[in-house]
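The values are calculated or read from the model by the stated rules, or taken from the named source; none is laboratory data. Bear in mind that the values here come from a model prediction, so they are computed numbers and not experimental data. Positions of Cβ are generated from backbone atoms using ideal geometry, with glycine treated the same way; all protein chains shown enter the neighbour counts. Surface accessibility is based on the protein's heavy atoms, side chains included, excluding ligands, DNA and RNA. Shrake-Rupley method; radii C 1.70, N 1.55, O 1.52, S 1.80 Å.
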Amino acid sequence: MAIRIFIDQGHNPSNPNAGAEGNGLREQDLTYEIGRLLATRLREDPNFDVRLSRNTPTEILGSSNTTSLAARVNAANAWNADYFISLHANASTDPNVGGTEGYAFSEASEGYALGVDIVNAIAAETGLRNRGMFVRPTLYVLRKTQMPAVLIEMGYITNTEDADLMSRRPDLFADAIYNGIVNYFSF
């Protein structure tokens, strides 16, 4: 039986729950495209079944930040996903801060271990700094999912190099995340 992966493309195309902006880019556009490409790669692999939180670039989930997050979690829970991966682009007031990192509910969770492989793959394949995995039990999508979950900050939208790479080469990030997932399952 195929492993069910729910890919949450972080944020909505407009409020409620719009994402960060930087370098003329919007987080929600980057996460949508990278998530779409990642889903294509997963669908080409018979080991996986995949669903997306946003199926069109204009799809808006929920009517507030809370209901937007709940819609993503509820869709994954209702589908009985095996794993939940939420894609994001980080932001900082310091434009020199860059790199990729991930968050999980606890260090003992499968989401944490999956995140380590994904973050390592992104850093290896993009050359971005590996900032590591962190525990964030307060994040809604990590505490309300009924399956192992990881939130991946692929790069910093406020860092010129990170933002340019995410915008120009979304395929590189999709490939890296796919490779991190495959590595986790040892295929």
message: I need the full set of residues from segment 75-119 which are farther than 19 Å from residue 181 by Cβ, of a type outside the set (A, V, I, L, M, F, W, C) and open to solvent by 50 Å² or more (accessible area, probe 1.4 Å), in order please.
response: 93, 94, 95, 96, 107
message: Return the residues of segment 41-74 that are open to solvent by 50 Å² or more (accessible area, probe 1.4 Å) and of a type in the set (S, T, N, Q); say none if nothing qualifies.
response: 47, 55, 56, 58, 63, 65, 66, 67, 74
statement: The one condition residue 17 fails out of (1) touching a strand residue (DSSP E or B) at 6+ places or on another chain (Cβ under 9 Å); (2) crowded, with 18+ Cβ neighbours inside 10 Å is (1)
- prompt: Which members of segment 20-32 meet the condition of being open to solvent by less than 20 Å² (accessible area, probe 1.4 Å) and either more than 14 Å from the chain's Cα centre (by Cα) or closer than 20 Å to residue 74 by Cβ (or both)?
  reply: 22, 28, 31
- line: Restricted to segment 141-187 and to residues being aromatic (Phe, Trp, Tyr) and surrounded by 24 or more Cβ atoms within 10 Å (Cβ to Cβ), the residue nearest to residue 100 (Cα to Cα) is 156
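For every residue, the table says whether it meets (1) under 13 Å from the mean Cα position of the chain (by Cα); (2) in a helix (DSSP H, G or I).
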residue: 119; (1), (2): yes, yes
residue: 122; (1), (2): yes, yes
residue: 128; (1), (2): no, no
residue: 155; (1), (2): yes, no
residue: 163; (1), (2): no, yes
residue: 166; (1), (2): yes, yes
residue: 176; (1), (2): yes, yes
residue: 179; (1), (2): no, yes
residue: 183; (1), (2): no, yes
field: Selection from segment 135-152 of residues that are over 21 Å from residue 185 (Cα atoms) and not in a helix (DSSP H, G or I)
entry: 135, 136, 137, 138, 139, 144
query: If you check 69, 128, which single one turns out to be out of contact with any His (no Cβ under 7 Å at 6 or more places or on another chain) and within 22 Å of residue 53 (Cα to Cα)?
result: 69
statement: Picking from 53, 63, 92, the residue that is of a type in the set (Ser, Thr, Tyr) and within 15 Å of residue 4 (Cβ to Cβ) would be 53
task: Might you let me know whether segment 125-134 holds any residue that is in contact (Cβ under 8 Å) with a residue 12 or more places away in the chain, farther than 23 Å from residue 22 by Cα and open to solvent by less than 60 Å² (accessible area, probe 1.4 Å)?
output: yes
- request: Kindly indicate whether any position in segment 93-111 is of a type in the set (Phe, Trp, Tyr), touching a residue at least 12 places away in the same chain (Cβ under 8 Å) and touching a Lys or Arg at 6+ places or on another chain (Cβ under 8 Å).
  value: yes
